[in-house]
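K.L.:
First the structure, then my questions, so here it is.
The values are calculated or read from the model by the stated rules, or taken from the named source; none is laboratory data. Bear in mind the structure is a predicted one, so any value in this text is a computation, not a measurement. As a convention, Cβ positions derive from the backbone with ideal geometry for all residues, glycine included, and neighbour counts pool all protein chains shown.
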Amino acid sequence: MHIYFAQAIPLITYIDESCLYLKEKKCRICEGACKNDAIDLHQTPEKIELKVGAVILSPGYDVFDPKVRDEYGYGRLQNVVTGMDYERLMCATGPYEGEILRASDRRHPHNVAWIQCVGSRRDTAGDNGYCSSVCCTYAQKQVILTKDHNSETPCTIFHNDVRAYGKGFETFYQRTQQLPNVRFIRSYASIVGEDPETKNVIVRYATADEGVKEEQFEMVVLSVGLNPPKDYQGLAKKFGIEVNGHGFCQIDSANPMATTRPGIFVSGAFQGPLDIPESVFTASAAGAQCGELLNSRRGRLTTERVYPPETDNTAAEPRIGVFVCHCGANISRVVDVPDTVAYVQTLPNVVHVQNQLFSCATNSMKAIVDTVKEKSLNRVVIAACSPRTLEALFRDTLQEAGINKYYLDMANIREHCSWCHAREKEAATAKAKDIVRMSVARSIKLEPLQEFDLPVNRAALVVGGGLAGMTCALSIADQGHDVYLLEKEAELGGNARRLHSTIDGKNVQADLTRLIRRIYRHPAIHVYNEAVITEATGYIGNFVTRITSERGPAVIEHGAAVIAIGAEEYKPTEYLYGQDDRVLTHLELGERLAKSDAAVTGAQGVVMIQCVGCRNQDRNYCSRVCCSHSVKNALQLKAINPEMDVVIAFRDMRTYGFNENYYREASHQGVRFIRWTPEDPPTVEAAEADDGRAVLQVAVTDSILGSKIAFDADLVVLAAAIVPSRGAQEIASLFKVPLGPDGFFQEGHVKLRPVEFATDGVFLCGMAHYPKHMPEAVNQAYGAAGRALTLLSNDIVTVSGAVCEVNEKQCMGCGACVEVCTYDAIELRKTRQGEKAVVNPVICKGDGLCNAVCPTGAIVLKHFTDLEIESQIDALLPEPIEVQ
Amino acid sequence: MCSGRVDLAHILRAFAKGADGVFIGGCRLGECNYITHGNYHALNLALLSKKIFEHIGLNPRRLHIAFMSGGEGNLFASEVDGFCKTIKELGPIGQSEEISPARLEEVMSDITRLVPYIKIEKHEKLTVCLEDETTYEDHFSLDEIKRLFEEVASYYIDPAKCQACMICARSCPVEAIDGGKGVVHVIDQDKCIKCGTCLNACPSRFGAVTKIVGGPVPAPLPLDQRTIVRKGGKEKTTSTEKVLP
């Protein structure tokens, strides 16, 4: 009998096939033991028929199994593990409770190597031809975590191109590189065998300086890639959908959520190899598309949650219940939980203490509710993990128990204690007691807070009429909401207007024209061209935005806003761009290709230079799309004239996912690829070719040969970076949302809230977020629509009670708070006693800067009051330490 | 809650309670996930506090501020380890500085009472964004802190001018002004936070509130001498004048 895991929903035990009764009709002990008579050993499989209007397929991916090829040594050599095995080794709930140990001798490895592209980017049988997209970055993460376990461990990564193409990936790559004792070695690596005594793994590789050599590692991690789900054929047959040549879902690049069968949608890595943020985009996006189909039935199957009435505890003596979580073994392996429980019993106002295996498990939460009722608790302290993930859940538990949800305090004895003091158990237990004592002290001072219900205006504002903005606007409008679509130019379309074909050969302009036509014909979409936003005020559910446009000034009231202002092509200053008209950017080449420009079609030699204007000091990020863009254009040139000499001078070819196939295809077509390093970039100068024609000579130092190679080019094409829109700063300050270090908009959370901002009611999609391919922009656009609709389809929205409030009597009207509030949530109002600050609690984000600058303590951040914070300080330092 | 919520009073309280060191952790500068960039406020506050400690003879290294992201556990650990090492070197608070616990408590309590005054005086410098690390050290100077404490103002109500109109008493944010209608107002110097609200509130035709810098504040009149008797509703005298014709 098993429970899947303590947080499983529903939390129910199941019986597997090894049951003696099921096999031999013996035993039946469990039946007798179950007091509720819940065990039925005569259950048989039953067919359940569900009538649904739409289906979302999100079967995920399967991990590549390196056993398919003996050369990886997996399963044969004990100290060769896969990336997924290594994840488990590092995990606190893993086989060695978070210790990284070798299978051969249960010792910590002191020297670990990663081999990239295992099972990916290979044409050989059993391997996958595509790039798995996620392995470069997950291996870097594993290096960082290995260093967290033991900073001394040397880490080596054998890699091909390092594909740090995602948002923040380039700096993450640099962070890994800069760790001490980390080597990135660009080489194919093969596993030769193991040392029979030490069981160390022998790896053979080659470097430009030292040639072929062998080296031993105590552990080798195979960075295995992503396979389609195991039974993809069965899945395809069952749902009547098609799969592509790799076994992933066959999708339409104009709408990657659509399968080949209407009404059946796909989200996640079944689309193809995706990382977590992309996967989350597609999840919201598939939801939005189901919404379009089933809008008329929205809400029919939902039932409203009813909480018991809240008891008023404002005057009651604090009665605190403390629940100390083992977190499986995450906490209890280090912190002596029973000892902590015994200690907490001695604290003032604590009337109940208990330990729990997993406080977040369904049965534990029920125990909390029951105990609150039984013992009339009015404060609850959960000594467990960070409030960041589970505070909302426990607040809900308090509400369920009939007490105000702000009477909860979480004492973080996991991240702040057991995880960082694994080797100092006694000291960790003492620290856990300190942390819980502080929490108990704070909980005494906690006050019940009320949240605010706001009405929601059902309309949406979409800023930016490019592909992402239009797609998002259509999805919202198709679900019955008015959408105001603002475009700064005279025409809709954005950057897509300059793109003519996709890498898979689709006609962009035809699709774009259709999309624009749908926008203009949609009765609920109101387009404002040449729009300029003059003022944006209001808050979630109730925004008021003032604009001017070709239609004159307008005031738009809306409940949600989507920022989709796109990005721009960098205007190069390098490689004679702007000085010699034979130097173009890829967008310019694309436009001239579309017009069959003779200078392009007649060229004998074309050199493309990658990473122009990015991956450098000024713009420390990868523009993501340029490698595939170059390959696409190179293939088109080769299609026009197979004899044309096409060279791509690159740093890392980042044709991730299925675009790897086109990279290989270009190689087969004779496109030459030559790698350069930032220390020695290519040079371009006007010269004369051997046949006497005037050319641009591009000299590149070949990193393998070490010598300069010169190419004669009739055209030099620059893969110019994608840079943030010029309007980004202004839009950011109007809507009070942040920009990241690269100048692109900063989402609320990279993985958990990738299309939202920290400012409620404002959403994000398209290249305003980061450079991306069109299908990716569509994913995110539908994703943003999906999230916006969860807001817009409700009549009310609830906002936090942990906001600032002014005690008018104490306010001296100095305005310091107004000055520091970047949300404009505070204003000074005239009263008979002079000016006084007033907070609009709906706009307040609860950062508390105003509280810290207020001279008189008139403005208070509720839930983090001076009284609450100081009670924690006092509890930590109960007695001044005597100086001897 | 943002690291910018950390209050000078919180830091002082920890030291007054016997903490040997205080560590403030914030998000990486310039990478605020919101738009507040309150971590700069925390930085300024730390810089100010360090200078105050230097001024009173406490080692400023007992306060440390570091910036990191939620994913940088290793950085956090090395920062905390380094700080613990520093504090162990410095020993218990007051020891290496030769300040007795009683004196320390007294000093901390004196400064805590001046927190509102310091917030008002240094508001601008506390809320600016210091982009350039080289300017950190000079953001607050020791001279400036010395002046700050030398120039602490006190507010005093001249009994001869006070009309007992209640305007200042009503405007005082901390209810430090005693006296009702017809009773000369007196500022309770222990409660006063030196915000100057009363100075601005007192009608200029009375001008009863004065700001005293440096010198002592005259003792208040005894309560039995503070009653104002108005003659014909126009003139007024204090009871002092009445008993001494």
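K.L.:
Considering only the stretch A:404-438, how many residues are of a type in the set (A, V, I, L, M, F, W, C) and in contact with a His (Cβ under 8 Å, 6 or more places away or on another chain)? Can you show your working first?
P.N.:
Step one: filter the stretch A:404-438 for residues of a type in the set (A, V, I, L, M, F, W, C), giving A:408, A:410-411, A:413, A:417, A:419-420, A:422, A:427-428, A:430, A:432, A:435-436, A:438.
With in contact with a His (Cβ under 8 Å, 6 or more places away or on another chain) added as a condition, the list becomes A:427-428, A:435.
Residues in the stretch A:404-438 being of a type in the set (A, V, I, L, M, F, W, C) and in contact with a His (Cβ under 8 Å, 6 or more places away or on another chain): 3 in total.
K.L.:
If you scan the stretch A:834-861, which residues turn out to be more than 12 Å from chain B (Cβ to nearest Cβ) and touching a Cys at 6+ places or on another chain (Cβ under 7 Å)?
P.N.:
A:Val839 - this is the single residue of the stretch A:834-861 that is more than 12 Å from chain B (Cβ to nearest Cβ) and touching a Cys at 6+ places or on another chain (Cβ under 7 Å).
K.L.:
Same structure again: Being surrounded by fewer than 13 Cβ atoms within 10 Å (Cβ to Cβ), of a type in the set (A, V, I, L, M) and not in a helix (DSSP H, G or I) narrows it down to one residue among A:Leu301, A:Leu274; which is it?
P.N.:
Values: A:Leu274 fails: surrounded by fewer than 13 Cβ atoms within 10 Å (Cβ to Cβ).
When all the criteria are applied, what remains is A:Leu301.
K.L.:
Residues to consider are B:His10, B:His41; find the one that is under 28 Å from A:Ser733 (Cα atoms) and in a helix (DSSP H, G or I).
P.N.:
One residue alone meets the criteria, B:His41.
K.L.:
All but one of (1) part of a loop (DSSP other than H, G, I, E, B); (2) charged (D, E, K, R); (3) within 11 Å of another protein chain (Cβ to nearest Cβ) hold for B:Asp138; which doesn't?
P.N.:
Of (1) part of a loop (DSSP other than H, G, I, E, B); (2) charged (D, E, K, R); (3) within 11 Å of another protein chain (Cβ to nearest Cβ), only one is false for B:Asp138: (3).
K.L.:
Here are A:Ala383, A:Ala392, A:Ala411, A:Ala430: which of them is away from chain B (no Cβ under 13 Å) and either in a loop (DSSP other than H, G, I, E, B) or over 30 Å from A:Tyr307 (Cβ atoms) (or both)? Give the derivation first.
P.N.:
On the way: A:Ala383 fails: either in a loop (DSSP other than H, G, I, E, B) or over 30 Å from A:Tyr307 (Cβ atoms) (or both); A:Ala392 fails: either in a loop (DSSP other than H, G, I, E, B) or over 30 Å from A:Tyr307 (Cβ atoms) (or both); A:Ala411 fails: either in a loop (DSSP other than H, G, I, E, B) or over 30 Å from A:Tyr307 (Cβ atoms) (or both).
From the options A:Ala383, A:Ala392, A:Ala411, A:Ala430, the qualifying one is A:Ala430.
K.L.:
Please name all residue pairs, on different chains or six or more residues apart, with Cβ atoms under 6 Å, provided the first residue is in the stretch B:181-198 and is at pLDDT below 90 and the second residue is of a type in the set (Lys, Arg) and assigned to a loop (DSSP other than H, G, I, E, B).
P.N.:
Once the first residue is at pLDDT below 90 and sits in the stretch B:181-198, its partners that are of a type in the set (Lys, Arg) and assigned to a loop (DSSP other than H, G, I, E, B) give B:Val183/B:Arg226.
K.L.:
Name the residue that is nearest to A:Ala710 (Cα to Cα), counting only residues in the stretch A:589-599 that are more than 40 Å from the chain's Cα centre (by Cα) and not in a loop (DSSP other than H, G, I, E, B).
P.N.:
Pass one, the stretch A:589-599, residues more than 40 Å from the chain's Cα centre (by Cα): A:596-599.
Of the ones still in play, those that are also not in a loop (DSSP other than H, G, I, E, B) are A:598-599.
Numbers: A:Ala598: 24, A:Ala599: 21 Å.
For the stretch A:589-599, the residue satisfying everything is A:Ala599.
K.L.:
Which condition breaks for B:Val128 when tested against (1) in contact (Cβ under 8 Å) with a residue 40 or more places away in the chain; (2) of a type outside the set (Asp, Glu); (3) surrounded by 17 or more Cβ atoms within 10 Å (Cβ to Cβ)?
P.N.:
All conditions pass for B:Val128, except number (3).
K.L.:
Between A:Thr822, A:Thr831, which is within 11 Å of chain B (Cβ to nearest Cβ), in contact (Cβ under 8 Å) with a residue 12 or more places away in the chain and in contact with an Asp or Glu (Cβ under 8 Å, 6 or more places away or on another chain)? Before the answer, list the steps.
P.N.:
Details: A:Thr822 fails: in contact with an Asp or Glu (Cβ under 8 Å, 6 or more places away or on another chain).
Of A:Thr822, A:Thr831, the one residue that is within 11 Å of chain B (Cβ to nearest Cβ), in contact (Cβ under 8 Å) with a residue 12 or more places away in the chain and in contact with an Asp or Glu (Cβ under 8 Å, 6 or more places away or on another chain) is A:Thr831.
K.L.:
Across the stretch A:711-748, what is the total count of residues that are surrounded by 15 or more Cβ atoms within 10 Å (Cβ to Cβ) and more than 14 Å from chain B (Cβ to nearest Cβ)?
P.N.:
The initial filter retains those residues of the stretch A:711-748 that are surrounded by 15 or more Cβ atoms within 10 Å (Cβ to Cβ), namely A:711-725, A:727-728, A:731-732, A:734-740, A:742-748.
From the residues that got through so far, the ones that are more than 14 Å from chain B (Cβ to nearest Cβ) too are A:711-725, A:727.
Matching residues across the stretch A:711-748 total 16.
K.L.:
Tell me, please, whether a residue that is touching a Ser or Thr at 6+ places or on another chain (Cβ under 7 Å), farther than 24 Å from A:Ser332 by Cα and part of a loop (DSSP other than H, G, I, E, B) can be found in the stretch A:79-91. Break it down stepwise before answering.
P.N.:
First pass over the stretch A:79-91, keeping only residues touching a Ser or Thr at 6+ places or on another chain (Cβ under 7 Å): A:79, A:83.
Now drop any that are not farther than 24 Å from A:Ser332 by Cα, which leaves A:79, A:83.
From what is left, the residues that are part of a loop (DSSP other than H, G, I, E, B) are A:79.
Yes; the residues of the stretch A:79-91 include at least one that is touching a Ser or Thr at 6+ places or on another chain (Cβ under 7 Å), farther than 24 Å from A:Ser332 by Cα and part of a loop (DSSP other than H, G, I, E, B).
K.L.:
So which residues in the stretch B:62-85 are surrounded by 15 or more Cβ atoms within 10 Å (Cβ to Cβ) and either in contact (Cβ under 8 Å) with a residue 40 or more places away in the chain or acidic (Asp, Glu) (or both)?
P.N.:
Scanning the stretch B:62-85 gives B:Arg62, B:Leu63, B:His64, B:Ile65, B:Ala66, B:Phe67, B:Met68, B:Glu72, B:Phe76, B:Glu79, B:Val80, B:Phe83.
K.L.:
Restricting attention to the stretch B:174-197, which residues are in a loop (DSSP other than H, G, I, E, B), within 14 Å of another protein chain (Cβ to nearest Cβ) and out of contact with any Lys or Arg (no Cβ under 6 Å at 6 or more places or on another chain)?
P.N.:
Start the filter on the stretch B:174-197 by keeping residues that are in a loop (DSSP other than H, G, I, E, B), which leaves B:174-176, B:179-182, B:184-185, B:188-196.
Retained after the next criterion (residues that are within 14 Å of another protein chain (Cβ to nearest Cβ)): B:174-176, B:191-196.
B:Glu175, B:Lys191, B:Cys192, B:Ile193, B:Lys194, B:Cys195, B:Gly196 - these are the residues of the stretch B:174-197 that are in a loop (DSSP other than H, G, I, E, B), within 14 Å of another protein chain (Cβ to nearest Cβ) and out of contact with any Lys or Arg (no Cβ under 6 Å at 6 or more places or on another chain).
K.L.:
Name every residue in the stretch B:111-135 that is more than 14 Å from every other protein chain (Cβ to nearest Cβ) and in a loop (DSSP other than H, G, I, E, B), in order of residue number. Reasoning before the result, please.
P.N.:
If we filter the stretch B:111-135 for residues that are more than 14 Å from every other protein chain (Cβ to nearest Cβ), which is where we start, we get B:111, B:130, B:132-135.
Answer for the stretch B:111-135, where residues must be more than 14 Å from every other protein chain (Cβ to nearest Cβ) and in a loop (DSSP other than H, G, I, E, B): B:Leu130, B:Asp132.
K.L.:
With A:Ala852, A:Ala816, A:Ala837, A:Ala825 as the choices, which residue is surrounded by 21 or more Cβ atoms within 10 Å (Cβ to Cβ), over 26 Å from A:Ala536 (Cα atoms) and of a type in the set (A, V, I, L, M)? It would help to see each step written out before you state the result.
P.N.:
Numbers: A:Ala816 fails: over 26 Å from A:Ala536 (Cα atoms); A:Ala837 fails: over 26 Å from A:Ala536 (Cα atoms); A:Ala825 fails: over 26 Å from A:Ala536 (Cα atoms).
From the options A:Ala852, A:Ala816, A:Ala837, A:Ala825, the qualifying one is A:Ala852.
K.L.:
Separate question: Just to be sure I understand the filter: pairs with C-beta atoms under 6 Å, separated by 6 or more residues or on different chains, first member in the stretch A:34-46 and assigned by TED's automatic domain parsing to the domain that holds A:Leu22, second member surrounded by 10 or more Cβ atoms within 10 Å (Cβ to Cβ). Which pairs pass?
P.N.:
Final answer for the pair search is A:Ile39/A:Cys30; A:Ile39/A:Glu31; A:Leu41/A:Tyr21.
K.L.:
Ok, one more. Consider only pairs whose beta carbons are under 7 Å apart and that are at least six residues apart or on different chains; among these, list those whose first residue lies in the stretch A:166-178 and is under 15 Å from A:Arg619 (Cα atoms) and whose second residue is among the aromatic types (Phe, Trp, Tyr) and buried (at least 16 other Cβ atoms within 10 Å of the Cβ).
P.N.:
Listed by first residue and then by second, the contacts come to A:Lys167/A:Tyr770; A:Glu170/A:Tyr621.
K.L.:
A further question follows. Has the stretch A:187-203 got any residue that is under 30 Å from A:Phe763 (Cα atoms), hydrophobic (A, V, I, L, M, F, W, C) and outside the structural domain of A:Arg514 (by TED's automatic domain parsing)? First the steps, then the outcome.
P.N.:
To start, the set of residues in the stretch A:187-203 that are under 30 Å from A:Phe763 (Cα atoms) comprises none.
No: the stretch A:187-203 contains no residue that is under 30 Å from A:Phe763 (Cα atoms), hydrophobic (A, V, I, L, M, F, W, C) and outside the structural domain of A:Arg514 (by TED's automatic domain parsing).
K.L.:
Among the residues of the stretch A:241-255, is any within 30 Å of A:Gln450 (Cβ to Cβ) and in contact with a Gly (Cβ under 9 Å, 6 or more places away or on another chain)? Quick ask: steps written out before the conclusion?
P.N.:
First, the residues of the stretch A:241-255 that are within 30 Å of A:Gln450 (Cβ to Cβ): none.
No: the stretch A:241-255 contains no residue that is within 30 Å of A:Gln450 (Cβ to Cβ) and in contact with a Gly (Cβ under 9 Å, 6 or more places away or on another chain).
K.L.:
Go through the stretch A:194-212 and count every residue that is assigned to a loop (DSSP other than H, G, I, E, B) and within 21 Å of A:Pro66 (Cβ to Cβ). Lay out the reasoning, then the answer.
P.N.:
Step one: filter the stretch A:194-212 for residues assigned to a loop (DSSP other than H, G, I, E, B), giving A:195-200, A:208-210.
With within 21 Å of A:Pro66 (Cβ to Cβ) added as a condition, the list becomes A:195, A:199-200.
Number of matching residues: 3.
K.L.:
Please specify each residue of the stretch B:17-61 satisfying the condition of being among the charged types (D, E, K, R), within 10 Å of another protein chain (Cβ to nearest Cβ) and farther than 21 Å from B:Lys88 by Cβ.
P.N.:
Step one: list which residues in the stretch B:17-61 are among the charged types (D, E, K, R), which gives B:17, B:20, B:28, B:31, B:50-51, B:54, B:61.
The next check asks that each one be within 10 Å of another protein chain (Cβ to nearest Cβ); those that pass are B:17, B:20, B:28, B:31.
B:Arg28, B:Glu31 - these are the residues of the stretch B:17-61 that are among the charged types (D, E, K, R), within 10 Å of another protein chain (Cβ to nearest Cβ) and farther than 21 Å from B:Lys88 by Cβ.
K.L.:
State whether one or more residues within the stretch B:71-82 are within 21 Å of B:Ile118 (Cα to Cα) and either at pLDDT below 95 or within 21 Å of the chain's Cα centre (by Cα) (or both).
P.N.:
Pass one, the stretch B:71-82, residues within 21 Å of B:Ile118 (Cα to Cα): none.
Within the stretch B:71-82 (the criterion being within 21 Å of B:Ile118 (Cα to Cα) and either at pLDDT below 95 or within 21 Å of the chain's Cα centre (by Cα) (or both)), the answer is no, since none of the residues qualifies.
K.L.:
Restricting attention to the stretch A:89-102, does a residue exist that is away from chain B (no Cβ under 14 Å) and touching a Phe, Trp or Tyr at 6+ places or on another chain (Cβ under 6 Å)?
P.N.:
Residues of the stretch A:89-102 that are away from chain B (no Cβ under 14 Å), as a first pass: A:89, A:91, A:93-97, A:99-102.
Subset that is touching a Phe, Trp or Tyr at 6+ places or on another chain (Cβ under 6 Å): none.
So far as the stretch A:89-102 goes, no, none of its residues is away from chain B (no Cβ under 14 Å) and touching a Phe, Trp or Tyr at 6+ places or on another chain (Cβ under 6 Å).
K.L.:
For the stretch B:44-84, name all the residues that are part of a helix (DSSP H, G or I), of a type in the set (Ser, Thr, Tyr) and under 26 Å from B:Thr127 (Cβ atoms).
P.N.:
Taking the stretch B:44-84 as the starting set, the residues that turn out to be part of a helix (DSSP H, G or I) are B:44-56, B:60-62, B:73-84.
Now narrow it down to the ones that are of a type in the set (Ser, Thr, Tyr): B:49, B:78.
Correct list: B:Ser49 only.
K.L.:
Would you confirm, using the coordinates I've provided, whether B:Glu137 is closer than 29 Å to A:Thr822 by Cα, modelled with pLDDT of 90 or more, surrounded by fewer than 12 Cβ atoms within 10 Å (Cβ to Cβ) and not small (Gly, Ala, Ser)? Outline the logic, then answer.
P.N.:
Numbers: closer than 29 Å to A:Thr822 by Cα: yes; modelled with pLDDT of 90 or more: no; surrounded by fewer than 12 Cβ atoms within 10 Å (Cβ to Cβ): yes; not small (Gly, Ala, Ser): yes.
Judged against the criteria, B:Glu137 is not a match.
K.L.:
Another question, then. Return a yes/no flag: does the stretch A:785-794 have any residue that is in contact (Cβ under 8 Å) with a residue 24 or more places away in the chain and either over 36 Å from the mean Cα position of the chain (by Cα) or within 14 Å of chain B (Cβ to nearest Cβ) (or both).
P.N.:
To start, the set of residues in the stretch A:785-794 that are in contact (Cβ under 8 Å) with a residue 24 or more places away in the chain comprises A:785-789, A:791-794.
From what is left, the residues that are either over 36 Å from the mean Cα position of the chain (by Cα) or within 14 Å of chain B (Cβ to nearest Cβ) (or both) are none.
No; the residues of the stretch A:785-794 include none that is in contact (Cβ under 8 Å) with a residue 24 or more places away in the chain and either over 36 Å from the mean Cα position of the chain (by Cα) or within 14 Å of chain B (Cβ to nearest Cβ) (or both).
K.L.:
For the condition farther than 30 Å from B:Arg62 by Cα, touching a helix residue (DSSP H, G or I) at 6+ places or on another chain (Cβ under 6 Å) and either facing another protein chain (nearest Cβ under 9 Å) or hydroxyl-bearing (Ser, Thr, Tyr) (or both), what is the one hit in B:Ser171, B:Ser204, B:Ser154? If you could, list the steps in order and put the result at the bottom.
P.N.:
Values: B:Ser204 fails: touching a helix residue (DSSP H, G or I) at 6+ places or on another chain (Cβ under 6 Å); B:Ser154 fails: touching a helix residue (DSSP H, G or I) at 6+ places or on another chain (Cβ under 6 Å).
Only one candidate qualifies: B:Ser171.
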